[in-house]
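Here is the structure we will look at.
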Amino acid sequence: MTVAVGLSIGVWITAEVVGSPSELAWILAEWEAAVGHFSISLSRLVEAVLIMLGFGIPLSITSRRLPGLEATITPIMLTLLAVPWVLLAAAVNMMIHLRLEADQMVLMAAVGGGAWLVGSLAPRQQSRSERRARARYALRTIILMLIVAEMVSLSQGLGSQLRFYTLYWSPALLVLYGGLAAALVAFTIAIGRLGTPWVIKGLERFAGPHG
C-alpha cells in the first residue's frame, strides 16, 4: 500500500513537471550541479563496494578453508545479519554527536554490505541461488545505506538534494534528483545480477565446492 501511494505521488509530480515548461527550465538549470551530486554518490558507492570486496572475499575464502575460523565467526555473522543496516545508517546520522563524515559513511556502508557478502559466500551449506540472492542484497544494502545517510547528514550527494528539495518544495528538482537516485539504485542492482555469479564461481574455485 505504501509503495503504491509513493508511486502514485511520484507519477503525479512527474506529470506536473513534464507538462510545465517552467519546471523543465529548472531541471536544465540544475543539470550540471545534479551531475556533480551524482558523481559524489557514485564515487562513494564504488569506494564502499571495493572495501567490501577487499575484506569480504578473503575472509570468506579463509573461512571456507578453515572450519575452525568458520565456527568462530558464525555467531558474529548471525548478529551482523540481524542488524537493520539501512535504518541504522539513518539513526546514526540523525544524532548530532554521532553524525558520520563522508569517509565514515562509506566505511559503515561497506561493513553493512560486507556482512551480507560474507553471509552469502562463507557458509558451506548454501545453494548457489541462495548465495546469489544474499550477494545482491549486499549491494542493495550499500547503496540504500549511502543514500539514506546522505538524506539525514550534512554531506553532499543525491540524498542531500532529495532532502533539501523536499523541505524547500520543488517538484522539478525532486523529479531530477529522484530520477538520478533511482538510476543509481538500478545500476547497482544490475551490477549485482551480472557480477555475483562470477564472484561465486571464483570463490568456489579457490575455496572448494559449496556443498
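How long is the gain from Ala183 to Arg128 if the chain were fully straight, where each residue apart is worth 0.36 nm and the alpha carbon distance is subtracted?
17.0 nm
Using only Cα atoms, figure out Rg for region 86-135 and give it as a multiple of 2.2 N^0.38 Å.
Dividing the Cα radius of gyration by 2.2 N^0.38 Å gives 1.47.
In the calculated pair distance distribution of region 18-159, what percentage of Cα-Cα distances lie above 19 Å?
That tail contains 57 percent of the Cα-Cα pairs.
Please work out the FRET efficiency for the pair His97 and Thr74, using the Cβ-Cβ distance as r and a Förster radius of 45 Å; give the result to the nearest 0.05.
Rounded to the nearest 0.05, the efficiency is 0.85.
Between Ser43 and Leu28, how many nm apart are label points set 7 Å from Cα along the C-beta direction?
It is 2.9 nm.
Obtain the nm distance between the two label points defined at Gln156 and Leu107 by a simple spin-label model: each point lies 7 Å from its Cα along the Cα-to-C-beta direction.
About 2.3 nm, to one decimal.
What relative contact order, as a whole-number percentage, does region 58-211 give when Cα pairs under 8 Å and 6 or more residues apart are counted?
Once divided by the residue count of region 58-211, the mean separation gives 27 percent.
Taking a spot 7 Å from the Cα of Val83 along the direction of its beta carbon, which residues of region 58-73 have an amide N less than 19 Å from it?
From region 58-73, the list is 58-60, 72-73.
Every read-out reported here was derived from the displayed coordinates using simple, explicitly stated rules and does not represent laboratory data. All figures in this text were calculated on a predicted structure; none of them were measured in a lab. Cβ sites come from the backbone with ideal geometry, for glycine too, and all protein chains shown count toward neighbours.
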